[in-house]
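Presented below is the structure to which this report refers.
The values are calculated or read from the model by the stated rules, or taken from the named source; none is laboratory data. Bear in mind the structure is a predicted one, so any value in this text is a computation, not a measurement. FYI the Cβ positions are ideal-geometry reconstructions off the backbone, even for glycines, and counts take in every protein chain you see. Ligands, DNA and RNA are stripped out before the accessible areas are found, and what is left, the full protein with its side chains, is counted by its heavy atoms. Shrake-Rupley method; radii C 1.70, N 1.55, O 1.52, S 1.80 Å.
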Amino acid sequence: FQETIQTVQEEAADTQEPVSTVKAVETETSEITVGIDVSEYQGNIDWEAAADGLDYVMVRVGYRDSGTGEITEDACARYNLQEARDQGLRLGAYFFSTAVSEEEAREEARWVCELLSGYPITYPVAYNCEGFQNPSSRQHELTIQERSLIAQAFLDEVEAQGYTGMFYAARNELRGNTLWDTDTLELKYRIWV
(Lines give C-alpha, C1' and ligand atoms only; values in the text may rest on other atoms or scores of the structure.)
Protein backbone atom coordinates (compact mmCIF):
# COMPACT_ATOMS: atom_id res chain seq x y z
CA PHE A 1 0.00 0.00 0.00
CA GLN A 2 1.09 3.55 -0.68
CA GLU A 3 -0.40 6.18 1.59
CA THR A 4 -2.21 8.99 -0.21
CA ILE A 5 -4.09 11.00 2.37
CA GLN A 6 -6.71 13.13 0.64
CA THR A 7 -6.42 16.60 2.15
CA VAL A 8 -7.87 15.35 5.39
CA GLN A 9 -8.42 18.76 6.90
CA GLU A 10 -10.30 20.05 3.85
CA GLU A 11 -12.42 16.93 3.76
CA ALA A 12 -13.13 17.22 7.48
CA ALA A 13 -14.19 20.84 7.03
CA ASP A 14 -16.50 19.87 4.17
CA THR A 15 -18.16 17.08 6.17
CA GLN A 16 -18.10 18.85 9.54
CA GLU A 17 -16.46 15.73 10.98
CA PRO A 18 -13.56 15.92 13.42
CA VAL A 19 -10.27 15.16 11.69
CA SER A 20 -9.78 11.98 13.75
CA THR A 21 -12.77 10.26 12.14
CA VAL A 22 -11.78 10.93 8.53
CA LYS A 23 -10.03 7.91 7.06
CA ALA A 24 -6.96 8.16 4.88
CA VAL A 25 -7.05 6.49 1.48
CA GLU A 26 -4.53 3.87 0.40
CA THR A 27 -3.75 2.80 -3.12
CA GLU A 28 -1.85 -0.37 -3.86
CA THR A 29 1.52 -0.12 -5.53
CA SER A 30 4.35 -2.53 -6.26
CA GLU A 31 6.39 -0.86 -3.51
CA ILE A 32 7.60 -3.28 -0.84
CA THR A 33 6.87 -2.13 2.68
CA VAL A 34 8.20 -3.59 5.92
CA GLY A 35 6.04 -4.07 8.96
CA ILE A 36 5.32 -6.08 12.07
CA ASP A 37 2.28 -7.29 13.93
CA VAL A 38 2.03 -6.65 17.66
CA SER A 39 -0.18 -7.43 20.62
CA GLU A 40 -0.02 -7.38 24.39
CA TYR A 41 2.33 -10.39 24.18
CA GLN A 42 5.15 -8.03 23.15
CA GLY A 43 4.63 -5.91 26.30
CA ASN A 44 5.26 -2.14 26.30
CA ILE A 45 7.23 -1.65 23.12
CA ASP A 46 9.84 1.10 22.85
CA TRP A 47 8.35 2.47 19.64
CA GLU A 48 11.09 5.01 19.08
CA ALA A 49 13.58 2.15 18.79
CA ALA A 50 11.20 -0.33 17.14
CA ALA A 51 10.08 1.99 14.34
CA ASP A 52 13.53 2.17 12.74
CA GLY A 53 13.29 0.50 9.33
CA LEU A 54 9.54 -0.09 9.56
CA ASP A 55 6.83 1.32 7.32
CA TYR A 56 3.73 -0.06 9.05
CA VAL A 57 2.38 -1.99 12.00
CA MET A 58 -0.60 -4.33 12.32
CA VAL A 59 -2.00 -3.98 15.84
CA ARG A 60 -4.15 -6.61 17.49
CA VAL A 61 -6.95 -4.52 18.93
CA GLY A 62 -8.88 -7.24 20.70
CA TYR A 63 -10.27 -10.73 20.82
CA ARG A 64 -13.36 -12.71 21.70
CA ASP A 65 -12.70 -15.15 24.53
CA SER A 66 -12.89 -18.72 23.26
CA GLY A 67 -14.71 -19.89 26.39
CA THR A 68 -16.99 -17.07 27.51
CA GLY A 69 -17.49 -15.33 24.16
CA GLU A 70 -16.74 -11.94 25.75
CA ILE A 71 -15.06 -9.30 23.57
CA THR A 72 -11.92 -7.94 25.23
CA GLU A 73 -9.63 -5.12 24.20
CA ASP A 74 -5.96 -6.06 23.80
CA ALA A 75 -4.21 -4.56 26.85
CA CYS A 76 -1.69 -2.71 24.64
CA ALA A 77 -3.92 -1.84 21.67
CA ARG A 78 -4.34 1.89 22.28
CA TYR A 79 -0.74 2.30 23.42
CA ASN A 80 0.54 0.53 20.28
CA LEU A 81 -1.74 2.50 17.96
CA GLN A 82 -0.81 5.84 19.53
CA GLU A 83 2.92 5.23 19.78
CA ALA A 84 3.25 3.71 16.30
CA ARG A 85 1.24 6.63 14.88
CA ASP A 86 3.49 9.10 16.70
CA GLN A 87 6.52 7.45 15.08
CA GLY A 88 4.99 8.02 11.65
CA LEU A 89 4.16 4.37 10.95
CA ARG A 90 1.16 3.46 8.86
CA LEU A 91 -1.46 1.63 10.90
CA GLY A 92 -3.47 -1.51 10.29
CA ALA A 93 -5.29 -3.71 12.78
CA TYR A 94 -6.53 -7.20 13.40
CA PHE A 95 -9.06 -8.89 15.67
CA PHE A 96 -8.85 -12.43 17.03
CA SER A 97 -12.33 -13.87 16.51
CA THR A 98 -14.11 -16.83 18.01
CA ALA A 99 -17.51 -15.82 16.66
CA VAL A 100 -19.99 -18.66 16.21
CA SER A 101 -22.50 -16.73 14.11
CA GLU A 102 -22.54 -14.06 11.45
CA GLU A 103 -24.22 -11.69 13.92
CA GLU A 104 -21.40 -12.18 16.43
CA ALA A 105 -18.90 -11.47 13.65
CA ARG A 106 -20.70 -8.24 12.74
CA GLU A 107 -20.73 -7.31 16.44
CA GLU A 108 -16.95 -7.84 16.55
CA ALA A 109 -16.45 -5.75 13.43
CA ARG A 110 -18.53 -2.87 14.80
CA TRP A 111 -16.58 -3.03 18.07
CA VAL A 112 -13.27 -2.92 16.15
CA CYS A 113 -14.37 0.00 13.97
CA GLU A 114 -15.50 1.95 17.03
CA LEU A 115 -12.11 1.45 18.70
CA LEU A 116 -10.25 2.42 15.51
CA SER A 117 -12.34 5.52 14.79
CA GLY A 118 -9.85 7.87 16.43
CA TYR A 119 -6.79 6.59 14.59
CA PRO A 120 -5.52 7.13 11.02
CA ILE A 121 -5.94 3.54 9.82
CA THR A 122 -4.57 3.26 6.30
CA TYR A 123 -3.66 -0.42 6.16
CA PRO A 124 -6.21 -3.25 6.24
CA VAL A 125 -8.31 -4.39 9.18
CA ALA A 126 -7.92 -8.15 9.37
CA TYR A 127 -10.01 -11.03 10.64
CA ASN A 128 -7.92 -13.60 12.54
CA CYS A 129 -9.35 -16.93 13.68
CA GLU A 130 -7.28 -19.77 15.12
CA GLY A 131 -7.68 -22.72 17.45
CA PHE A 132 -11.06 -23.77 16.11
CA GLN A 133 -9.89 -27.39 15.81
CA ASN A 134 -9.45 -27.56 19.58
CA PRO A 135 -12.46 -29.31 21.18
CA SER A 136 -12.66 -26.57 23.83
CA SER A 137 -13.13 -23.86 21.19
CA ARG A 138 -16.54 -22.26 20.77
CA GLN A 139 -16.03 -22.81 17.02
CA HIS A 140 -15.07 -26.48 17.14
CA GLU A 141 -18.32 -27.78 15.61
CA LEU A 142 -18.52 -25.21 12.82
CA THR A 143 -18.09 -26.37 9.23
CA ILE A 144 -15.66 -24.83 6.77
CA GLN A 145 -18.57 -23.05 5.09
CA GLU A 146 -19.98 -21.72 8.37
CA ARG A 147 -16.57 -20.41 9.49
CA SER A 148 -16.00 -18.80 6.10
CA LEU A 149 -19.39 -17.07 6.13
CA ILE A 150 -18.64 -15.76 9.62
CA ALA A 151 -15.33 -14.34 8.39
CA GLN A 152 -17.11 -12.75 5.42
CA ALA A 153 -19.69 -11.14 7.72
CA PHE A 154 -16.90 -9.54 9.77
CA LEU A 155 -15.03 -8.33 6.70
CA ASP A 156 -18.15 -7.05 4.93
CA GLU A 157 -19.01 -4.98 8.02
CA VAL A 158 -15.46 -3.60 8.25
CA GLU A 159 -15.56 -2.63 4.58
CA ALA A 160 -19.03 -1.09 4.94
CA GLN A 161 -17.49 1.22 7.54
CA GLY A 162 -14.78 2.36 5.11
CA TYR A 163 -11.85 0.12 5.99
CA THR A 164 -10.07 -2.41 3.77
CA GLY A 165 -10.86 -5.93 4.93
CA MET A 166 -8.22 -8.65 5.02
CA PHE A 167 -8.43 -12.33 5.95
CA TYR A 168 -5.60 -13.85 8.00
CA ALA A 169 -4.79 -17.58 8.17
CA ALA A 170 -1.91 -20.02 7.93
CA ARG A 171 -0.95 -21.28 4.48
CA ASN A 172 -1.79 -24.91 5.33
CA GLU A 173 -5.33 -23.81 6.29
CA LEU A 174 -5.85 -22.03 2.97
CA ARG A 175 -4.36 -24.41 0.40
CA GLY A 176 -6.97 -26.43 -1.43
CA ASN A 177 -9.77 -25.00 0.73
CA THR A 178 -8.49 -27.23 3.53
CA LEU A 179 -10.03 -25.32 6.46
CA TRP A 180 -11.51 -22.23 4.80
CA ASP A 181 -13.42 -21.49 1.59
CA THR A 182 -10.27 -19.85 0.24
CA ASP A 183 -11.61 -19.70 -3.30
CA THR A 184 -14.37 -17.33 -2.18
CA LEU A 185 -12.38 -15.39 0.41
CA GLU A 186 -9.51 -14.57 -1.95
CA LEU A 187 -11.93 -13.18 -4.55
CA LYS A 188 -13.39 -10.65 -2.10
CA TYR A 189 -10.58 -9.72 0.30
CA ARG A 190 -6.86 -9.39 0.66
CA ILE A 191 -5.21 -12.42 2.24
CA TRP A 192 -2.58 -12.26 4.97
CA VAL A 193 -0.67 -15.55 5.17
Checklist line | Residue match in the range 128-142 (condition: charged (D, E, K, R) and surrounded by 14 or more Cβ atoms within 10 Å (Cβ to Cβ)) | finding: yes
Margin query: Yes or no: the range 67-90 includes at least one residue that is at pLDDT below 95, closer than 21 Å to L174 by Cβ and more than 16 Å from the chain's Cα centre (by Cα).
Written below: no
Check: Of all residues in the range 152-193, how many are open to solvent by 60 Å² or more (accessible area, probe 1.4 Å) and either in contact with a Lys or Arg (Cβ under 9 Å, 6 or more places away or on another chain) or in a helix (DSSP H, G or I) (or both)?
Finding: 13
Notebook entry, point to check: How about the range 54-118: which strands (runs of 3 or more DSSP E) wholly inside it have at least 3 residues that are buried (at least 23 other Cβ atoms within 10 Å of the Cβ) and in contact (Cβ under 8 Å) with a residue 24 or more places away in the chain?
Noted result: 56-64, 90-96
Notebook entry, point to check: Any residue in the range 125-147 that is part of a loop (DSSP other than H, G, I, E, B), under 17 Å from the mean Cα position of the chain (by Cα) and at pLDDT 95 or above?
Noted result: no
